[in-house]
Amino acid sequence: MFEIDIERDFAAAHCLKGYNGDCSALHGHNWVVQAFVKTGDLDEIGIAMDFRSLKKEIDDILAELDHSCLNDIHPFKDKNPTSENLAKYIYEELSGRLNTDSVTVSRVRVCESPGSGATYSA
């Protein structure tokens, strides 16, 4: 099995409803997102998946989040925009765009600061 990954970033604000601490107030992060895709197959020139294709799909998803207040956009109007929920959301969106019989998104990691992040996989 091969696994490829890319790392991208975006800037956005959020606040955590029900949190007892500073994060309950509106604040921002420069989020870092890592997306991992796995496949057992390589194409005729030895590529699992073109990095450009993976970057385009993740960039399209992140464009909807970039420079926003995450609490104000779907699906975070009804759910806290935690690192965990962001990782799951990005994983599901990316899976819907990329998954085939031979290529699947294996996991997504979202970091809100260096050394602090959450990973989602199904």
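The values are calculated or read from the model by the stated rules, or taken from the named source; none is laboratory data. Bear in mind that the values here come from a model prediction, so they are computed numbers and not experimental data. Note that we place each Cβ from the backbone using ideal geometry, even for glycine, and neighbour counts take in every protein chain shown.
Residues checked against (1) touching a helix residue (DSSP H, G or I) at 6+ places or on another chain (Cβ under 8 Å); (2) closer than 14 Å to Tyr120 by Cβ; (3) not aromatic (Phe, Trp, Tyr):
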residue	(1), (2), (3)
Met1	no, no, yes
Cys15	yes, no, yes
Val33	yes, yes, yes
Gly40	no, no, yes
Asp66	no, no, yes
Lys79	yes, yes, yes
Asn85	no, yes, yes
Thr100	no, no, yes
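Hey, can you tell me all the residues within region 48-86 that are of a type in the set (D, E, K, R) and closer than 23 Å to Asp5 by Cβ?
If the condition is that a residue be of a type in the set (D, E, K, R) and closer than 23 Å to Asp5 by Cβ, then Asp50, Arg52, Lys55, Lys56, Glu57, Asp59, Asp60, Glu64, Asp66, Glu84 are the ones that fit.
Mind listing whichever residues of region 102-122 are over 25 Å from Asp50 (Cβ atoms), among the small types (Gly, Ala, Ser) and in contact with a helix residue (DSSP H, G or I) (Cβ under 8 Å, 6 or more places away or on another chain)?
Ser116, Gly117, Ala118
Under the condition of being touching a strand residue (DSSP E or B) at 6+ places or on another chain (Cβ under 6 Å) and either of a type in the set (Gly, Ala, Ser) or at positive phi (or both), which residue from region 2-40 is surrounded by the most Cβ atoms within 10 Å (Cβ to Cβ)?
Ala35
Which pairs do you get when a residue that is part of a helix (DSSP H, G or I), found in region 83-106, comes within reach of a residue that is among the basic types (Lys, Arg) and modelled with pLDDT of 95 or more, reach meaning Cβ atoms under 8 angstrom, with the pair 6+ apart or on two chains?
Asn85/Lys79; Ala87/Arg109; Tyr91/Arg107
Could you tell me which of the residues Asp43, Asp50 is more than 18 Å from Ala118 (Cβ to Cβ), of a type outside the set (Phe, Trp, Tyr) and surrounded by fewer than 11 Cβ atoms within 10 Å (Cβ to Cβ)? Full working, then the answer.
On the way: Asp50 fails: surrounded by fewer than 11 Cβ atoms within 10 Å (Cβ to Cβ).
Result of the check over Asp43, Asp50: Asp43.
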